[in-house]
Amino acid sequence: MCGIVGYIGTRKAQPILLDGLHRLEYRGYDSSGVALVDATLAVTHASGRISELETKLGGTVPASTCGIAHTRWATHGPPTEANAHPHRDCTGRIAVVHNGIIENYAELRTELEARGHTFTSETDTETLAHLIEEAMKAGKGLTSAVQTALRRVRGTYGIAVVSADQPDKIVIARLGSPIVLGIGDDELFVASDASAIIGHTRDVIYLDDGEMAVLGREGHRVMSHDAKVVTKETTELDWSDEDAQKGGHPHFMLKEMLEQPEVIRNSMRGRLNVEEGTAVLGGLRDVAGRLRDIDRLVVVACGSAYYAGLVGEYMLEEYAGIPVEVELASEFRYRKPLLTKRTAVLAVSQSGETADTLAAVREAKMKGALTLGIVNAVGSTIARETDAGVYNHAGPEIGVASTKAFLSQCTVFALLSVFLGRQRQMSLSMGKRIAEEMRRLPDLVAGILEGRDAIRAIAERYAATTDAFFLGRKYCAPIAFEGALKLKEISYIHAEGYAAGEMKHGPIALIDATFPTVVLCPKDSVYEKTRSNIEEIRARGGKIVAVTTEGNEEAQRFSDDVIYIPKTLEMLTPILAAVPLQLFAYYVSTSKGIDPDKPRNLAKSVTVE
Ligand code: F6R
């Protein structure tokens, strides 16, 4: 949600900042801006995509070797040029870029205006620039002025600040919104996420909440907000620049869907012990004893990660025998979560930065529960704040609509079910059976992806629809929810996902010949029941797109269109069934001329509540 990039070094800053913004564009793309500093401060803003900013900047590259830049996903104030970051103070010599929300900005703004400050935007961020201005006017240097300003604000922030009065410095700080510092040779980088700077360095330092850093020509210094020096470890990123690029595909979303066989392999690598019918999860080793004793698991997550949690619920209850509840992280702390020392709270998050999921983890920790994570982004806040966890190893996911991360989350839930199941009642033969079948998953997914042209043809036939239902039962109910979410996110078609049995309790009233239904009806233990639901829809003139098991010939008779997926264990079917729905949404989106990587109103990582 919003992207920050900054550079100080020996090279011209502007091209590095623009390259970083392009890489961050998936985080927010409604306006952008850049501030270059030397004896003066030059700030340029544009609304719309980064290309608009490039047009405004023109072809000449300024000599400045220090600057900050931002791509925005609007929270306070519409996405106009005036509201684009960087924001300046009254003197025009200080510039701030900010991710997060200053909750007390209204009162701060009233106070600052009463003291004569003039605001040029409607943003919460601008208050920071004026607070820093006041502190510098009172004689403080930039670093200590930033500290003074931050003491006044309530809310969340990841910020980077420059000043023409101290042009050889970038001050950065973090509270609740990620900031990473990149270390190169004679140059330093800052970014809200490492994909912006991976082309320049793999050595990064993740700031923790309450920390700030000063980046200068002589190096960097990390400290707490009250100026105590903090010693930080440098992390070496294990993914490459290429991982974060499109690799010749028209969209990140397509590239990431096509990567899924490899992603599943990576999620399982070194973790499946087929001989002993179990899973080896190194990240849970330290808490294995406590996990043996848990009597309840609460999954907290948002969006697609929440649906992966619902898949996990079916798997874990059936195979590990542990009662599971899946909670929307955004609601978790508004209820009174009843957690005991024998409850484990498991956060599922691709980014590891989702504000609501993080808040749920903190609430659970406060109540003494064991906290666990299924997280993709290594070193992210949720990964660091949970007691233990399992990384997805899906690589960076850039497409806004989650695909490969979702599949890897479901894969990790299958591993977890085997691991926890074998700690309990699961037999060796059952463990072996699941592990063997899991090993086949990458090839099975690859087969579905190879058939994508047929799915494209079906998707194109439905691209003009204004509404759609997605139905599934048992393991496939969450996939119906996920399929509907994918379609609405990237094609702007109204889509609803329902557990198939719910249809006749109300939604069926909407069915007519113009309202198609995508039904997940693999040949599993609930096939006959879902089949009846299909007849109920057909009886009302509704069109059916069936996703069913290869060899199910009768599906041709009861459906308008059929997509086949291979046979696997029922518990693993959701992993296969999700793939055609991703492809369906993707091709509907592209055939409508929408850019699926940058759907309107969305941002990749939701770091505000
Ligand atoms: C949907 C999607 C979102 C995310 C949700 C959680 O395609 O991507 O619904 O799943 O915002 O994000 P993470 O997993 O980063 O916590």
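Being modelled with pLDDT of 95 or more and in a loop (DSSP other than H, G, I, E, B) holds for only one residue in Ala42, Ala63, and it is Ala63. Could you go through segment 457-467 and let me know if any residue there is part of a strand (DSSP E or B), surrounded by fewer than 22 Cβ atoms within 10 Å (Cβ to Cβ) and modelled with pLDDT of 95 or more. Yes; the residues of segment 457-467 include at least one that is part of a strand (DSSP E or B), surrounded by fewer than 22 Cβ atoms within 10 Å (Cβ to Cβ) and modelled with pLDDT of 95 or more.
Yes/no matrix, rows are residues, columns are (1) within 16 Å of Tyr498 (Cβ to Cβ); (2) in contact with a strand residue (DSSP E or B) (Cβ under 9 Å, 6 or more places away or on another chain); (3) without any contact (Cβ under 8 Å) to a residue 40 or more places away in the chain; (4) not assigned by TED's automatic domain parsing to the domain that holds Ala468:
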residue	(1), (2), (3), (4)
Ile534	yes, yes, yes, no
Ile544	yes, yes, yes, no
Thr548	no, yes, yes, no
Asn552	no, yes, yes, no
Ala555	no, yes, yes, no
Asp560	no, yes, no, no
Ile565	no, yes, no, no
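Among the residues making up segment 355-375, those that are surrounded by 24 or more Cβ atoms within 10 Å (Cβ to Cβ) and either within 13 Å of the ligand (Cβ to nearest atom) or basic (Lys, Arg) (or both) are Thr357, Leu358, Ala360, Val361, Gly373, Ile374, Val375. A single entry from Gly283, Gly303 fulfils the requirement of being surrounded by fewer than 21 Cβ atoms within 10 Å (Cβ to Cβ) and touching a Leu at 6+ places or on another chain (Cβ under 9 Å): Gly283.
The residue that is farthest from the ligand (Cβ to nearest atom), among those in segment 345-354 that are of a type in the set (Val, Ile, Thr) and out of contact with any Asp or Glu (no Cβ under 9 Å at 6 or more places or on another chain), is Val348. Within segment 481-537, the set of residues being of a type in the set (Ser, Thr, Tyr) and in a helix (DSSP H, G or I) comprises Ser491, Tyr527, Thr530, Ser532. Comparison of Phe470, Phe413, Phe419, Phe406 shows that the only residue that is buried (at least 19 other Cβ atoms within 10 Å of the Cβ) and assigned to a strand (DSSP E or B) is Phe470.
Taking segment 97-127 as the region of interest, how many residues are over 18 Å from Thr71 (Cβ atoms), part of a helix (DSSP H, G or I) and touching a strand residue (DSSP E or B) at 6+ places or on another chain (Cβ under 9 Å)? Qualifying residue count, segment 97-127: 3. Hey, any hits in segment 135-143 for a residue that's in contact with a strand residue (DSSP E or B) (Cβ under 6 Å, 6 or more places away or on another chain), touching a residue at least 12 places away in the same chain (Cβ under 8 Å), of a type in the set (Ser, Thr, Tyr) and farther than 17 Å from Ile170 by Cα? Scanning segment 135-143 turns up no residue that is in contact with a strand residue (DSSP E or B) (Cβ under 6 Å, 6 or more places away or on another chain), touching a residue at least 12 places away in the same chain (Cβ under 8 Å), of a type in the set (Ser, Thr, Tyr) and farther than 17 Å from Ile170 by Cα. Examine segment 15-33 for a residue that is over 25 Å from the mean Cα position of the chain (by Cα), surrounded by 20 or more Cβ atoms within 10 Å (Cβ to Cβ) and either over 21 Å from Arg174 (Cβ atoms) or of a type in the set (Phe, Trp, Tyr) (or both), and state whether such a residue exists. Scanning segment 15-33 turns up no residue that is over 25 Å from the mean Cα position of the chain (by Cα), surrounded by 20 or more Cβ atoms within 10 Å (Cβ to Cβ) and either over 21 Å from Arg174 (Cβ atoms) or of a type in the set (Phe, Trp, Tyr) (or both).
Just one residue in the set Glu25, Glu52 is in contact with a strand residue (DSSP E or B) (Cβ under 6 Å, 6 or more places away or on another chain), acidic (Asp, Glu), within 27 Å of Thr354 (Cα to Cα) and outside any loop (DSSP other than H, G, I, E, B); that residue is Glu25.
Can you name the residue in segment 302-333 that is out of contact with any strand residue (DSSP E or B) (no Cβ under 7 Å at 6 or more places or on another chain) and farther than 16 Å from Ala414 by Cα and is also nearest to the ligand (Cβ to nearest atom) among such residues? Steps first, please.
Here is the first cut: in segment 302-333, the ones out of contact with any strand residue (DSSP E or B) (no Cβ under 7 Å at 6 or more places or on another chain) are 303-304, 307, 311, 314-315, 318-321, 328, 330-331, 333.
Checking which are farther than 16 Å from Ala414 by Cα leaves us with 303-304, 328, 330-331, 333.
On the way: Gly303: 2, Ser304: 3, Leu328: 11, Ser330: 10, Glu331: 14, Arg333: 16 Å.
Selected residue: Gly303.
For Ala279, the conditions (1) touching a helix residue (DSSP H, G or I) at 6+ places or on another chain (Cβ under 8 Å); (2) within 19 Å of Thr371 (Cα to Cα); (3) more than 16 Å from the ligand (Cβ to nearest atom); (4) small (Gly, Ala, Ser) all hold with the exception of (2). Within segment 6-39, the residues that satisfy the criterion of being farther than 27 Å from Arg600 by Cα and at pLDDT below 95 are Asp38, Ala39.
Residues checked against (1) within 16 Å of the ligand (Cβ to nearest atom); (2) closer than 21 Å to Lys367 by Cβ:
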site	(1), (2)
Gly270	no, no
Glu275	no, no
Gly283	no, no
Arg290	no, yes
Leu297	no, yes
Val300	yes, yes
Arg335	no, yes
Leu339	no, yes
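The set of residues from segment 589-609 being within 15 Å of the ligand (Cβ to nearest atom) and in a helix (DSSP H, G or I) comprises just one member, Ser589. Annotation: Tyr586 fulfils all but one of (1) within 16 Å of the ligand (Cβ to nearest atom); (2) of a type in the set (Phe, Trp, Tyr); (3) out of contact with any helix residue (DSSP H, G or I) (no Cβ under 6 Å at 6 or more places or on another chain); the unmet one is (3). Across segment 376-403, the number of residues qualifying as away from the ligand (no atom under 11 Å from the Cβ) and not β-branched (Val, Ile, Thr) comes to 11.
Here the condition is being touching a residue at least 60 places away in the same chain (Cβ under 8 Å) and more than 16 Å from the ligand (Cβ to nearest atom); of Glu436, Glu502, Glu482, it holds for Glu436 alone.
The values are calculated or read from the model by the stated rules, or taken from the named source; none is laboratory data. Just so we're clear, the structure is a prediction, and the values are computed from it rather than from any experiment. No Cβ is skipped: glycine too gets one built from the backbone with ideal geometry, and neighbour counts run over all protein chains shown.
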